[in-house]
Each structure stands twice: as structure tokens, then as C-alpha cells.
Amino acid sequence: VQLQASGGGLVQPGGSLRLSCAASGASWSLALMGWYRQAPGKQRELVAAIISGGTTTYGDSVKGRFTISRDVAKNTVYLQMNTLKPEDTAVYYCHAYTRAANYWGQGTLVTVSS
């Protein structure tokens, strides 16, 4: 399974970005897809995740601002990020869990700065 993320970039505080991650190499629906992030000098942390049934979970710091969604048929996951803050600056990694294995995308940089 390969994960290809896109949509990162530079945005001003209070702005919005939408990340996308498409999975290839799987003819079945992935059990779980989500996003983690890692800021310089910090550990990787969960941003949001969604299972194939639609249940979602979010990291405390993004609740109410970020929304995760997915297209199960296309094995694609999206992260709508609103009201971005400078502390959201990080490399965002797409993650998938399927058939007892974890998969990671290459990461996409999100920079929130004026």
C-alpha cells in the first residue's frame, strides 16, 4: 500500500488548508486512515483518524477546527483545517492501517505564518 499526500503549503494564521491522501495498491477498503503531524523538536502526534464505518477521533488541540473525511471507495482521506494557528506548523503524515500493518505517506509541510 502506498500513500500519496498533497495539499500542504504556507497559510496565514486564521486561514484554511485541505490535505488529501490517496492510497494505492489496495483493492480493498482500508480499515483506518488518518493524519499525524510532527513539529520540529516534538514527537509525532495524532491529528485525526477515521475508520471505514465513519467513526472519527481527533487530537485535543485540533478539535472543533479540523475535520477528517474519507471516500471509502477511493481509499482517499481528507483533512479540512480551519482557523489555523502558528502552532499547527508541522509536517503532516498520512497514515493507514490495514490487515495488521501500518503504512505512512511521505509527509507534507504545513506552515502557518504571517
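Below 8 Å between Cα atoms, with a sequence gap of 6+, how large is the relative contact order for the chain in percent?
37 percent
Express the relative contact order of the range 42-95 as a whole percentage, based on alpha carbon pairs under 8 Å and six or more residues apart in sequence.
RCO, the range 42-95: 23 percent.
Heavy-atom accessible area per residue, the range 39-105, 1.4 Å probe: how many Å²?
For the range 39-105, the per-residue accessible area is 54 Å².
Quick one: with all protein chains in place, what share of the accessible area of the chain is carbon or sulfur, to the nearest percent (1.4 Å probe)?
49 percent
Quick one: check the C-alpha center-to-center distance for the range 72-96 versus the range 11-71, whole angstrom.
Value for the Cα centre distance between the two parts: 4 Å.
What's the extension gain from D60 to Q80 if we count 0.36 nm per residue and subtract their Cα-Cα distance?
So the chain would gain 5.6 nm between D60 and Q80.
Normalise the Cα radius of gyration of the chain by 2.2 N^0.38 Å (N = residues in it) and let me know the number.
Relative to the 2.2 N^0.38 Å estimate, the chain comes out at 1.00.
Which value, in Å² rounded to 10, gives the accessible area of S113 with a 1.4 Å probe and all protein chains present?
60 Å²
The values are calculated or read from the model by the stated rules, or taken from the named source; none is laboratory data. Here the structure is a predicted model, which is why all the values come from computation and not from measurement. Just the protein is used for accessible areas: all its heavy atoms, side chains included, with ligands, DNA and RNA removed. Shrake-Rupley method; radii C 1.70, N 1.55, O 1.52, S 1.80 Å.
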